[in-house]
Amino acid sequence: MHYPKEIRFECQRCAKCCGDTPERERNILMLEREVKLISEITKLKPEEFSIPSPSKEPYRYTMRKKEGKCIFLKGTDCKIYPNRPLLCHFYPFWLEKLGVESFEFKVSRECPGVGLGKVIEEENFWTMLAKALKYMRKQG
């Protein structure tokens, strides 16, 4: 596993990660199991908050947006925060698979919390990797 060394991060609660910015259109990708869970907790049908995106395996859905923002964002608060998608848990980091058993965490430098707060330690990245692998194994 590769990860950004000596990276600092502290969430600024700005919600830039929850919607489009002038520089970038945001696509919040979701696993099938995440869509099922969000549907259960919100009592919404999957098609009310997600769009199928079968070409982005293992992510099979994209979160719907309203006016360029995640439909679960109210102001700067996420209405499904405890059950938000894995991509949301990881932001401003994301995971890329490099090979069969090789992964790399990348960081979004557009996030205003990058460079602030405490250094994110290696064990945090191992925890995120374990969570990602667990989610992917339970896919479907």
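The values are calculated or read from the model by the stated rules, or taken from the named source; none is laboratory data. Owing to the predicted nature of the structure, the values given are computational and were not obtained by experimental measurement. Cβ: placed from backbone, ideal geometry, glycine included. Neighbour counts: every protein chain shown.
If you go through region 15-44 one residue at a time, how many are surrounded by 18 or more Cβ atoms within 10 Å (Cβ to Cβ), free of Cβ contacts under 8 Å to residues at least 60 places away in the same chain and assigned to a loop (DSSP other than H, G, I, E, B)?
Count: 1.
Residues checked against (1) at pLDDT 90 or above; (2) out of contact with any strand residue (DSSP E or B) (no Cβ under 7 Å at 6 or more places or on another chain):
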{"site": "ALA15", "(1), (2)": "yes, no"}
{"site": "PRO22", "(1), (2)": "no, yes"}
{"site": "LEU29", "(1), (2)": "yes, no"}
{"site": "SER39", "(1), (2)": "yes, yes"}
{"site": "LYS56", "(1), (2)": "no, no"}
{"site": "ASP77", "(1), (2)": "yes, yes"}
{"site": "GLU104", "(1), (2)": "yes, no"}
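Scan region 45-60 for residues that are touching a residue at least 12 places away in the same chain (Cβ under 8 Å) and either assigned to a loop (DSSP other than H, G, I, E, B) or in contact with a helix residue (DSSP H, G or I) (Cβ under 7 Å, 6 or more places away or on another chain) (or both) and report the count.
Result for region 45-60: 7.
Just to be sure before I move on: is GLU122 closer than 27 Å to PHE9 by Cα and of a type in the set (D, E, K, R) in the structure I sent?
Judged against the criteria, GLU122 is a match.
Answer with yes or no whether LEU95 is touching a residue at least 24 places away in the same chain (Cβ under 8 Å) and either closer than 29 Å to GLY117 by Cβ or not aromatic (Phe, Trp, Tyr) (or both). Working first, answer last.
Values: touching a residue at least 24 places away in the same chain (Cβ under 8 Å): yes; either closer than 29 Å to GLY117 by Cβ or not aromatic (Phe, Trp, Tyr) (or both): yes.
Yes; evaluated as a whole, the condition is true for this residue.
Within region 39-71, track down each residue that is touching a Pro at 6+ places or on another chain (Cβ under 8 Å) and charged (D, E, K, R).
ARG60
Considering only region 61-100, how many residues are farther than 16 Å from LEU29 by Cβ and part of a loop (DSSP other than H, G, I, E, B)?
6
Would you check which residues across region 108-123 are modelled with pLDDT of 95 or more and under 16 Å from the mean Cα position of the chain (by Cα) and list them?
Listed by number, the residues that qualify are GLY113, VAL114.
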